[in-house]
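The values are calculated or read from the model by the stated rules, or taken from the named source; none is laboratory data. Just so we're clear, the structure is a prediction, and the values are computed from it rather than from any experiment. Here the Cβ positions follow ideal geometry from the backbone for every residue, glycine too, while neighbour counts run over all protein chains shown.
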Amino acid sequence: MKSPPQGWRWALSRDEMAASIAPRIGLNLLYLQPGRLGGTETYAKELIKQYAQIPSPFKFVLFLNRDSYDDLQVSGEQFCKVLVPIEKGNPLKRHAIEQAVLPWLIRKHGIDILHSMGYVCPLFASSLHIVTIHDMLYKRHPEYLPTGKRVFWQVFIPLSVRRATKVVAVSETTRQDVIKFLRAAPEKVVSIPSGINPVETATAEQIAAVRQRYGIRGSYILTVGCGKHKRVDLIENSLRELSGLQLVVTGLPDSGVIPANAPEAVRYLGFVNSEDMPPLYAGARAYVTASEMEGFGFTVLEAMMADTPVICSDAGSLPEICGDAALIVYAQDAREYAQAIKKVCFGEEIRDELIARGRRRVREFPWRASAEKHLSLYAELSGAVLP
């Protein structure tokens, strides 16, 4: 037998063969806007961190816009980043490129499964599709959405769910909403809860530093997020029934709901960086959310992780995620919230009990478990075998 030409081999090594047949998972991250999207951004970034740590046979191709390309840091031979020329502030262009250009990039990069992590997938791409639905706000409470966004979701979320091979819902509550409102086959929609990262308990010095940085004096309750559906107004009004407490609110200043002249007992901090959030949670007498729609509920778990008792509405997935570790308010009424706040902030027994239950509850939501379930779904669709 003739020897092969110089530089050629008759067979690939085992590693090369494995690499050549490794299923390629595309991650559609074109929706990311660093620091502006809350839970949907956390979901994507934390899963990718876990994918870097968990052995799997997959190669991941990350499709990123200009703003998130440098922000999202990945390491490891299993990752490849692809820059898609989209900039923030132009959602129409992003959606057009997602539908028209991303299918071509999927073919170019040999994607076997595309996982669109933010509600919508390209409808005409050739690969298998997974789409993640974080909530059904546009169905439950369309009045809280801008007209353009509401109309877009009314069209493209149902089409994306119909096009998808599998749909991931971040809670069982969201799964049931997808099945109910979009008439999706129950076996098509998979509930994979998100997670929470353990953090070190904030020290007294860290809490004092954050208080000073943001000008917070005295006892306060905290709420995170000030979109219209968060119903911060209910918590504000509850303070009229109380004394000796102030409300601290974090959230983007362009949310459209921050009043020009907030009451003296209410402090709107605007955007707060992630490093300051654990001490801000830890310094609060209670974390309170009157939200009328949550698909998962990262903030209640973040508060529990900081040993802060939680008071929440019974909306969306909040009862599912909190279990018995929160005081749930079953009426969207300011007086009901005032009574709950008074009970938790000034009743040490119930406060201590909620803190203890919260410590136990957060252990039920490790990010690694969520990532492993996502990887199992990729394996199911690709036929790959996990280690």
Just to be sure I understand, how many residues within the stretch 211-231 are hydrophobic (A, V, I, L, M, F, W, C), over 20 Å from the mean Cα position of the chain (by Cα) and not in a loop (DSSP other than H, G, I, E, B)? 1
Condition first: touching a residue at least 12 places away in the same chain (Cβ under 8 Å), outside any helix (DSSP H, G or I), acidic (Asp, Glu) and not assigned by TED's automatic domain parsing to the domain that holds ASP177. Can you find one or more residues in the stretch 330-340 that meet it? yes
Give me the pairs: first residue in the stretch 222-239 and farther than 20 Å from PHE296 by Cβ and at pLDDT 90 or above, second residue in a strand (DSSP E or B) and β-branched (Val, Ile, Thr), beta-carbon distance under 6 Å, and six or more apart or on different chains, which are they? ILE235/THR223; ILE235/VAL288; GLU236/VAL266
Is there a residue in the stretch 149-167 that is under 23 Å from SER291 (Cβ atoms), touching a helix residue (DSSP H, G or I) at 6+ places or on another chain (Cβ under 8 Å), part of a loop (DSSP other than H, G, I, E, B) and of a type in the set (A, V, I, L, M)? no
Every residue in the stretch 265-283 that is part of a strand (DSSP E or B) and of a type outside the set (Lys, Arg), please. VAL266, TYR268, LEU269, GLY270
Sole miss for ASN237 among (1) assigned to a strand (DSSP E or B); (2) over 27 Å from ARG359 (Cβ atoms) is condition (1)
Scanning the stretch 46-78 residue by residue, those in contact (Cβ under 8 Å) with a residue 24 or more places away in the chain, assigned to a loop (DSSP other than H, G, I, E, B) and not small (Gly, Ala, Ser) turn out to be ILE54, PRO55, PRO57, PHE58, ASN65, ASP71, LEU72, VAL74, GLN78
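Would you be able to tell me the number of residues in the stretch 305-329 that are within 22 Å of ARG175 (Cα to Cα) and in a strand (DSSP E or B)? First the steps, then the outcome.
Restricting attention to the stretch 305-329, the residues satisfying the condition of being within 22 Å of ARG175 (Cα to Cα) are 312-324, 328.
Then keep just the ones that are in a strand (DSSP E or B); that gives 312-313, 328.
Result for the stretch 305-329: 3.
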Among (1) assigned to a strand (DSSP E or B); (2) at pLDDT 95 or above - the single one GLU302 does not satisfy: (1)
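Any idea which of GLY38, GLY89 is closer than 22 Å to GLY227 by Cβ, at pLDDT below 90, crowded, with 16+ Cβ neighbours inside 10 Å and assigned by TED's automatic domain parsing to the domain that holds MET117? So that I can check it myself, show each step before the final result.
On the way: GLY89 fails: crowded, with 16+ Cβ neighbours inside 10 Å.
The match here is GLY38.
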